[in-house]
1. Just name the residue that is surrounded by the most Cβ atoms within 10 Å (Cβ to Cβ) out of those in the stretch 1-18 that are at pLDDT 90 or above and over 23 Å from Leu70 (Cβ atoms).
2. From the set of residues in the stretch 22-53 that are among the hydrophobic types (A, V, I, L, M, F, W, C) and surrounded by 15 or more Cβ atoms within 10 Å (Cβ to Cβ), which is nearest to Trp65 (Cα to Cα)?
3. Could you say which residue among Ala58, Ala74, Ala79 is among the hydrophobic types (A, V, I, L, M, F, W, C), under 14 Å from the mean Cα position of the chain (by Cα) and assigned to a helix (DSSP H, G or I)?
4. If I ask for residues that are assigned to a helix (DSSP H, G or I) and touching a residue at least 24 places away in the same chain (Cβ under 8 Å), which ones from the stretch 1-14 would you list?
5. So which of Val51, Val9, Val31 is within 14 Å of the chain's Cα centre (by Cα) and not charged (D, E, K, R)?
Amino acid sequence: MGALTAACVWALVAAGIGFAPRRAHWPGAIVLIATGLPLLVWVGLAYPWWVVLIVALAMASVLRWPLRFLIRRAVSIFAKKKPEGRA
């Protein structure tokens with residue numbers, strides 16, 4: 001199976017998770033993120049950068065709400081830290 005074929009299968013699985021009941025969305029998103037990152041590396045090794053960009057944008061559009069949540073959480077965690085050396 002080629003890298004782009006695997007990316008298409010990933011997209012079909014993502015669509016299936018989207019049709020699942022709401023309680024299955026977050027576990028499905030975690031699985032999609034965990035499998036999507038190595039898949040993106042595989043596509044990057046097999047194809048030029050612009051194909052990787054298209055696949056990455058497609059993945060980001062599928063995972064837009066989990067990505068927004070994770071970005072907000074990361075920003076809030078780093079914003080709460082005080083600079084060292086100051087009281």
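1. Looking at the filtered set, the residue picked out is Ala3.
2. Going residue by residue through the stretch 22-53, those that are among the hydrophobic types (A, V, I, L, M, F, W, C) are 24, 26, 29-34, 37, 39-43, 45-46, 49-53.
Okay, now just the ones that are also surrounded by 15 or more Cβ atoms within 10 Å (Cβ to Cβ), so 29, 32, 39-40, 42-43, 51-52.
Values: Ala29: 9, Leu32: 13, Leu39: 20, Leu40: 19, Trp42: 24, Val43: 23, Val51: 23, Val52: 21 Å.
Taking the candidates together, the pick is Ala29.
3. Details: Ala74 fails: under 14 Å from the mean Cα position of the chain (by Cα); Ala79 fails: under 14 Å from the mean Cα position of the chain (by Cα).
After applying the criteria, what remains is Ala58.
4. Our first condition is that a residue be assigned to a helix (DSSP H, G or I); within the stretch 1-14, this holds for 3-14.
If the condition is that a residue be assigned to a helix (DSSP H, G or I) and touching a residue at least 24 places away in the same chain (Cβ under 8 Å), then Ala3, Leu4, Ala6, Ala7, Trp10, Ala11, Ala14 are the ones that fit.
5. Numbers: Val51 fails: within 14 Å of the chain's Cα centre (by Cα); Val9 fails: within 14 Å of the chain's Cα centre (by Cα).
Matching residue, one of Val51, Val9, Val31: Val31.
The values are calculated or read from the model by the stated rules, or taken from the named source; none is laboratory data. None of the values given here were measured: they were computed from a predicted structure. No Cβ is skipped: glycine too gets one built from the backbone with ideal geometry, and neighbour counts run over all protein chains shown.
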